[in-house]
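See structure below.
Every number here is computed from the coordinates shown, using simple stated rules; none is lab data. From a predicted model like this one, the values you see are computed outputs, not experimental measurements. Glycine gets a Cβ as well: all are built from the backbone with ideal geometry, and neighbour counts include every protein chain shown.
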């Protein structure tokens, strides 16, 4: 069993699951490996900045994802 089969078996459902078919998963992996598909920007902000992050989100100024991290 290769890595694609392991990933697909972990998320598959009755109709192919979240990834669709194994062929589609292979196509997505090929796009990532070729650099044609990149990850979205992720910014991590402390819990103290949640109000500012929320305001930026409402104004459409958050690109990608904003993750609020509680104090340790």
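In table form, for the structure just shown:
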item: For peptides 22-32, 37-47, sequence by mean Cβ density within 10 Å, most packed first; result: 22-32, 37-47
item: Distance (nanometres) between label positions extended 7 Å along Cα→Cβ at residue 27 and residue 69; result: 3.7 nm
item: Near-label residues of segment 57-72 by backbone N, under 11 Å of a point 7 Å along Cα→Cβ of residue 48; result: 71
